[in-house]
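Take a look at the structure set out below.
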Amino acid sequence: MSFTLLNTRPSHQAQALNKLIQKAGGTSIECPTIQIKWLDTPIPTIEGKVDKVIFISTNAVRGLLKLSSEWQQEVGEADCFAIGKATAELAQQNGLKIQTPSAMQFDSEHLLEQADMQQVSGENILIVKGRHGRKLIENTLIERGAKVYQWELYQRVAEPICLDDWTRLNGSIYPVLLITSIESWQNLNTAIENLSKNSSPALTAVVFSQRIADQMKSDGWFKPIQLVQTQSNQGIMDAIGQIVVEYRSS
């Protein structure tokens, strides 16, 4: 299938998706809207053993793996949970025992609905995350009586947007815009004035969550949005496939 994707993922996360796009006969334009800055943050001081560890993203797992093995003594036998299929798979590949069940859409809200997250009073829960991330999980678990510790191992930094890449996308057949985070969207929206108006009539956005879609609409995006069914590279490819089918049938 012929399509062109503006791959806005950070450079270290873009390559696997690029290979899938090439294999499918598409074109990928690398245009990272954010870069990841790794932080050498010591693990928080925790009173007693850690009962649960929650990994917010693949970058949370990567940040942990960049550290020495001393963290293993701290998390020990704690139950580990992950937001997103890709996060769970990366953690499992590196020896972490993830309890998170397989799910099509697995976000913070779904995690908090799990039985494991209901009766947490008195538990020590470590959240491995990026700086300035959402507070929903932390605040909810504190309300339920848990002691919550945040371990921030990376932060997102805005990348300059190459306007030539944006022009190239809009001149292509079946153009697709990938947005995987609120920060990615906001940086792109800030860099390109009247983004929705100054884009191809055929442009469709592929997004990782309804929360992102809602933010885009609130910011004035009026073009089609396709929500991935599984938060992974294959989920992105499946969403693109659906877009191309709809293009061709219209």
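Taken together, the values in this text are just the output of simple stated rules run on the coordinates, not laboratory data. Everything quoted here is computed from the prediction, not taken from an experiment. Cβ atoms come from the backbone with ideal geometry, glycine included; neighbour counts cover every protein chain shown.
Which whole-number percent is the relative contact order of the stretch 146-222 (Cα, under 8 Å, 6+ apart)?
Once divided by the residue count of the stretch 146-222, the mean separation gives 34 percent.
For a label point 7 Å from the Cα of ASN94 along Cα→C-beta, name the residues of the stretch 211-250 whose backbone N is under 19 Å from it.
Once the point is set 7 Å along Cα→Cβ of ASN94, 232-233 turn out to lie under 19 Å by backbone N, inside the stretch 211-250.
Students often get this wrong, so check it: of LYS49/LYS135; LYS85/LYS197; LYS19/LYS135, which have C-alpha atoms separated by over 27 Å?
LYS85/LYS197; LYS19/LYS135
Rg(Cα) of the chain divided by 2.2 N^0.38 Å?
1.07
For q = 0.09, 0.13, 0.20, 0.21 Å⁻¹, what log10 I(q)/I(0) does the stretch 37-157 give under the Debye formula with an equal point scatterer on each alpha carbon and no solvent?
For the stretch 37-157 at q = 0.09, 0.13, 0.20, 0.21 Å⁻¹, log10 I(q)/I(0) is -0.21, -0.45, -1.17, -1.31.
Round to a whole angstrom and tell me the spacing of the C-alpha centers of the stretch 209-250 and the stretch 96-170.
21 Å
Based on other C-beta atoms within 10 Å, arrange LYS66, LYS23 from fewest to most.
Ordered by Cβ neighbours within 10 Å, fewest first: LYS23, LYS66.
For TYR154, what is the net charge nearby, where nearby means another residue's Cβ is under 15 Å from its Cβ and Lys, Arg count +1, Asp, Glu -1?
Charge balance near TYR154 sits at +4.
Could you grab the relative contact order for the stretch 37-157? Cα pairs under 8 Å, six or more apart, rounded to a whole percent.
Answer for the stretch 37-157 is 35 percent.
May I ask you to derive the relative contact order of the chain, considering only C-alpha pairs under 8 Å and at least 6 residues apart, and to give it as an integer percent?
Once divided by the residue count of the chain, the mean separation gives 23 percent.
Of all beta bridges DSSP finds with both residues in the chain, what is the antiparallel percent, to the nearest 5?
15 percent
Quick one: what are the phi-derived ³J(HN,Hα) couplings along the stretch 230-239, Karplus 6.51/-1.76/1.60 with θ = phi - 60°, whole Hz, x for glycine and proline?
So the Karplus estimates, Gly and Pro as x, are 10, 7, 7, 4, 5, x, 5, 4, 5, 5 Hz.
Work through the residues other than THR230 whose Cβ is under 13 Å from its Cβ and net out their charges, Lys, Arg +1 and Asp, Glu -1.
-2
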